[in-house]
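Below is one structure; the comments refer to it alone.
The values are calculated or read from the model by the stated rules, or taken from the named source; none is laboratory data. Bear in mind that the values here come from a model prediction, so they are computed numbers and not experimental data. Virtual Cβ from ideal backbone geometry, glycine too; neighbours counted across all protein chains shown. Ligands, DNA and RNA are excluded from the accessible area calculation, which covers all protein heavy atoms including side chains. Shrake-Rupley method; radii C 1.70, N 1.55, O 1.52, S 1.80 Å.
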Amino acid sequence: MKSVSVIIPAYKPDEKLLATLSDLVQTGFTDILVVDDGSGAPFAPIFEQVKAIPECTLLRHEVNRGKGAALKTAMRFFLDNRPEGAGVVTADADGQHLAADIAAVAQAMLEKGSLILGVRDFSAPDVPPRSKTGNRITIAVFRLFFGMKISDTQTGLRAFPRKHIAEIAAVSGDRYEFETNMLFLASRNKLPLDEVKIHTVYIEENRSSHFRVVRDSLRIYALIIKYLVSSVGSAVLDEGVFYLFKRLLGSGVLLGLLPATYIAAFLARVISSLFNYFVNAKVVFGGSTGKKTLIRYYILAAVQLALSATLVFLLEKGLSVSSPALSTLIKTLIDTFLFFFSFRIQHKWVFNTEKERREV
């Protein structure tokens, strides 16, 4: 454990923090980085006791900046001041992570050289309903949108080898969403990820948690919410532009070449797809616009269109469908599936400019 630093972000902690630190020292950890995330003067006595522990280094934020910001501060401190350190383990200050489990996660990281998640058993009867429901939702979301099978998406007990820490410390988000964005990064860049079973400990039904259900949940799901809004907005724009061009062009054949309906549909799709491209690039996935991403986007759009049309055609033939309403329902179901497929490809390939920077 001497080669691994433990990071503990602390906001308005109580005596459970000191108990956790004592257990960590007894377990053999010699470098513990505690971040006072703007707890304020009333909590100064606890942090004075932290400073008195030889194995602890106290880092401070003058104001509360969030759990993510505290983790980043400690990770950067580790990179700058622990040149021989093999990696870090992040743990919570509320006593929910046992020293033995922290050691087990650290050991797994040293042995496998991968990111390690300390995962809890949410089927246990003492798990608060809020935590159980929240984890089930995020598990489903991660499987649908990212294809990741993670047993505990909300765990704060994680281990990171040194080689990945700079990349992780650059992830966006300063509060609870930072931990979720870490997993997005692992998915996008195919970072090795393993799990270690840990004890499920909830004290007073997790009342000491500073998690704000509505605001922090919106932060955690921000990427997916923005993608949904972008997709719906593009669809509405497509229909609106089609309507306008139909009003302008009428229903005849233009210049003896193409029906006005075809031209209106084509122009509407060009405008709505460009809108979708720029919103996804700048707002949703936080990448950049350029020739490469534009080409990749339209390659994906072409493949998606071809798949949709082909699958609808095959199902119509196979099921002997002649009803326009049933054909529309089939297309809707297929396009819903392709919607999740498209998200994954855009996230991992189309707008993954991080991969390009690493290759350069």
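For first residues located in region 234-250 and within 16 Å of residue 273 (Cα to Cα) and open to solvent by 50 Å² or more (accessible area, probe 1.4 Å), partners that are basic (Lys, Arg) and modelled with pLDDT under 85 and lie 6+ apart or on another chain with Cβ distances below 9 Å form the pairs 242/269. Could you say whether any residue in region 197-205 is modelled with pLDDT under 80, within 30 Å of residue 157 (Cα to Cα) and open to solvent by 70 Å² or more (accessible area, probe 1.4 Å)? So far as region 197-205 goes, yes, one or more of its residues are modelled with pLDDT under 80, within 30 Å of residue 157 (Cα to Cα) and open to solvent by 70 Å² or more (accessible area, probe 1.4 Å).
The single condition from (1) assigned to a helix (DSSP H, G or I); (2) more than 32 Å from the chain's Cα centre (by Cα); (3) at pLDDT below 80 that residue 216 fails is (2).
Do you know which of the residues in region 99-127 that are under 14 Å from residue 152 (Cβ atoms) and at pLDDT below 75 is surrounded by the most Cβ atoms within 10 Å (Cβ to Cβ)? If we take residues in region 99-127 being under 14 Å from residue 152 (Cβ atoms) and at pLDDT below 75, then 127 is surrounded by the most Cβ atoms within 10 Å (Cβ to Cβ). Test residue 285 against the stated conditions and say whether it is in contact with a His (Cβ under 8 Å, 6 or more places away or on another chain) and modelled with pLDDT under 85. Against the criterion (in contact with a His (Cβ under 8 Å, 6 or more places away or on another chain) and modelled with pLDDT under 85), residue 285 qualifies. Here 301, 309 are screened, and the one residue that is surrounded by 12 or more Cβ atoms within 10 Å (Cβ to Cβ), assigned to a helix (DSSP H, G or I) and either out of contact with any helix residue (DSSP H, G or I) (no Cβ under 7 Å at 6 or more places or on another chain) or in contact (Cβ under 8 Å) with a residue 60 or more places away in the chain (or both) is 309.
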